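Since every read-out is calculated from the coordinates, none of them should be taken as a lab result. These numbers come from a predicted model, not from an experiment. Cβ coordinates were reconstructed from backbone atoms using ideal geometry, including for glycine residues, and neighbour counts include every protein chain displayed.
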Amino acid sequence: MALTPLWSTAMGDSVPMLITAGALLFVVGMINLAGPNLYGIEIGQLLAAGIAIMLPWLGNFAGSNIPAMTAWIGGGIAVIATVLAMKPSVDASHRLARQ
C-alpha cells in the first residue's frame, strides 16, 4: 500500500494516507513477527487493517479505482491473515493463563 502512489494518480488525500497506512501495517506486522502469539499485538494488527479498509472514505478517494481498490484489497488480506493467526495466539494465551 505504501508504494501505490508510484503507479497511480493522486485523488483526495490518497498519497499521504496510503503511505501512512502501508507503513503502519508493515510496522505492526514486524512487531507481530517479533512477538508471536501475543494477543494484544494481533488486535493491533486487526485495527490497522480495519483502518486500511476505511481509508478511501476517510481520505475522499473512494471514487478512484486504483488507490481505493489497493486499500480495500490490502486491508482485506491483512484482516484475513490476522484472523487466521489469532486462533493460535488465543490458544497460547489460554495455555499461559492456566500455568
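Figures for the structure shown
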| item | result |
| --- | --- |
| Distance in nm between pseudo-label sites at A81 and N60 (7 Å out along the Cβ direction from Cα) | 3.2 |
| Entry for P(r) over Cα pairs in 10 Å bins from 0, in percent (calculated from the structure that is shown) out of [x] 11, 12, 11, 10, 10, 9, 8, 7, 6, 5, 4, 3, 2, 1, 0; [y] 14, 35, 25, 15, 9, 2, 0; [z] 17, 43, 24, 12, 4, 0 | [z] |
| Sequence ranges 76-84, 14-22, ranked by mean other-Cβ count within 10 angstrom, highest first | 14-22, 76-84 |
| Modelled label reach - L47, point 7 Å along Cα→Cβ, segment 72-99 residues with backbone N closer than 20 Å | 75-87, 89-90, 93 |
